[in-house]
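These notes are about the structure you will find just below.
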Amino acid sequence: MPLLLCSHALFAFTSFSNSMRVRASLSGSDIDGAAAFENPVTELLDNELIRVVSGAKDADEALGMIADKAGRSGGTVSVSDCRLIIAAALKRNNPELALSVFYAMRSTFYQVTAWGSINENAPTIERWEWSRPDVHIYTLLIQGLAASLRVSDALRMIEIICRVGVSPAEEVPFGKVVQCPSCMVAVAVAQPQHGIQIVSCAKCRYKYELISGNIVNIESEEISVDAPAWEKALRFLNIMKRKIPAAVHSIVVQTPSGVARTQKFATETADLPAREGERVTIAAAAPSNVFREVGPIKFSPKDPNFYSGEPMSLTNHSDGRESLLLRVPAKGTSSLLNPSTLFPLIVFSAAGDAASGVIDPSLPRLLLVAGFASLAAGATLNSLILPQFNRLPQRSVDIIAIKQQLLSQYNVLQSRIRDLKLAAEKEVWMLARMCQLENKIFAVGEPSYRARRSRIKKVRQGLESSLKQRIELIESYARISSMIEIEVEMESDVITAEAASSVERVSEQIEQIMALENLEERWKLQAEANDEAERLLNQSMPTESV
């Protein structure tokens, strides 16, 4: 935003320090435990102690002050007290303390899993601990950090709340949900330790081989397939639906166990589905050594349209892209639909009919009927009967269907979280811009800008309210995602009835949250705040008095 300032305004602006400007922004944003949310009930703190603690350099020093004042041998700082400390630290322009307290609260994840209880023989300071953060702590921090112009820290808080319920250690993530390449529904989870696994789909009732690992080598070649005129005509009439490949790729995937597998496939576009070093999961048709026995007969539980082990789809773990793979076009092969092959067959058949007509006039008709009957029987056998034998029995995939339903819900939740995260990040930037603009007006000190400052304050309140609602939605979706992760990882030990009840419970919670999300009043407030913020950011500020 271009600003044409007079010399007096420039002098006034440069005379203020950075901390004074940030303090001016914080003082007008109602960052305190009572204004942002309901009044928290304090259990350990009074006004004097809050003032002293808010000046501490980190969480350990603050906890020591609380322990000395409390006069007890140990205890837990409640969530409401933590909110008061963080709000006071932000208002005092001490975001380092606010972040230190937050990460100390996050560290309680370790205490439950590693230690289980507080050591009674430990020093007094070590017998005190912080509570776990709740959604109000996240909201207070994100709004306060944005007002303090600490945008990167605020965005990091949004990233953390998207994984609420997950411990700070990220070495054991849930994994990447992989979709069935035939019916495109969630079928399994590829976790970091997984390499090669055989999975079943309850919808199409086929088995697939999942190869997960890092790409150690990739070679790509762009190709040009010139389709003949007859094929273009069939494709125009929607009779032929085969996709034309644009590039051929050959990749080497190394699994966590060290096994390397080479896969060659084509893609519809020339874009690379993944790059070297990225972790991917390739879904391929069931290999030949996987079969289903029905008496003495063995059936391969794979899609009959694909060869055994043929790659069908690729999931990129880095960016989440799902790419359908095509069969590499063979060189120098001819098809029965190719005119160069079809016309000689017609001529040969006509010559055969003429020769057989000399022997018996009804023989050509019988041969024609027998030929069509054989083709119809073969087509029926290949398209209807054999695929049914290849499919898995319905009873064997009932429990798998419950797991797939949970994973499908998980995908929906993760998609909503991503959308809300992007919107929340945009609002954090807009809130920080509003705070910076207010700092500049405060530094200029011109009375003519009071009206503009009141407008900016109104926009900030709208943005803070909208951001608070988005954070609450993200936290709710992330909490249900953690519930699904628990059910999926325990599915081998959970009976069908318990798993089915879990699916119903999760579905009800998702519907309730989505109903809250679709409230018209909530988004009307957010839309008005965004429009007003964009107008203020795009509007130039004149030098003449308003």
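With LEU145, LEU155, LEU234 as the choices, which residue is of a type in the set (A, V, I, L, M), modelled with pLDDT of 90 or more, farther than 30 Å from ALA260 by Cβ and open to solvent by 20 Å² or more (accessible area, probe 1.4 Å)?
LEU155
May I ask you to say which residue of SER481, SER454, SER448 is at pLDDT 85 or above and polar (S, T, N, Q)?
SER481
Could you say whether any residue in the stretch 458-473 is on the phi > 0 side of the Ramachandran plot, modelled with pLDDT under 90 and open to solvent by less than 90 Å² (accessible area, probe 1.4 Å)?
Step one: list which residues in the stretch 458-473 are on the phi > 0 side of the Ramachandran plot, which gives none.
Within the stretch 458-473, not a single residue is on the phi > 0 side of the Ramachandran plot, modelled with pLDDT under 90 and open to solvent by less than 90 Å² (accessible area, probe 1.4 Å).
Does the stretch 98-110 contain any residue that is over 25 Å from GLN461 (Cβ atoms), of a type in the set (Phe, Trp, Tyr) and modelled with pLDDT of 90 or more?
Yes: one or more hits.
So which residues in the stretch 291-333 are part of a strand (DSSP E or B) and of a type in the set (Asp, Glu), if there are any at all?
Within the stretch 291-333, GLU293, GLU322 qualify.
Just checking, which of LEU381, LEU392, LEU367, LEU386 is assigned to a loop (DSSP other than H, G, I, E, B), hydrophobic (A, V, I, L, M, F, W, C) and modelled with pLDDT under 90?
It is LEU392.
Going residue by residue through the stretch 179-189, is there one that turns out to be at pLDDT below 90, touching an Asp or Glu at 6+ places or on another chain (Cβ under 8 Å), of a type outside the set (A, V, I, L, M) and not in a loop (DSSP other than H, G, I, E, B)?
Looking through the stretch 179-189, none of the residues is at pLDDT below 90, touching an Asp or Glu at 6+ places or on another chain (Cβ under 8 Å), of a type outside the set (A, V, I, L, M) and not in a loop (DSSP other than H, G, I, E, B).
Tell me which residues, restricted to the stretch 174-186, are in contact with a Ser or Thr (Cβ under 8 Å, 6 or more places away or on another chain) and either under 22 Å from ILE486 (Cβ atoms) or open to solvent by 30 Å² or more (accessible area, probe 1.4 Å) (or both). Before you say what the answer is, go through the steps one by one.
Initial filter on the stretch 174-186 (in contact with a Ser or Thr (Cβ under 8 Å, 6 or more places away or on another chain)): 176, 178-179, 181, 185-186.
Within the stretch 174-186, LYS176, VAL178, GLN179, VAL185, ALA186 qualify.
Do you know which residues across the stretch 41-71 are assigned to a loop (DSSP other than H, G, I, E, B) and either of a type in the set (Ser, Thr, Tyr) or open to solvent by less than 20 Å² (accessible area, probe 1.4 Å) (or both)? First the steps, then the outcome.
The initial filter retains those residues of the stretch 41-71 that are assigned to a loop (DSSP other than H, G, I, E, B), namely 41-46, 54-58, 71.
Scanning the stretch 41-71 gives THR42, LEU45, SER54, ALA56.
Inside the stretch 276-291, can you point out the residues that are in contact with a His (Cβ under 8 Å, 6 or more places away or on another chain) and within 17 Å of SER250 (Cβ to Cβ)?
Residues satisfying the conditions are GLU278, VAL280.
The values are calculated or read from the model by the stated rules, or taken from the named source; none is laboratory data. Everything numeric here is computed off the predicted structure, so don't read it as measured data. We place every Cβ from the backbone using ideal geometry, glycine too, and count neighbours over all the protein chains shown. When the accessible area is computed, the model is the full protein with side chains, heavy atoms only, and any ligands, DNA or RNA have been set aside. Shrake-Rupley method; radii C 1.70, N 1.55, O 1.52, S 1.80 Å.
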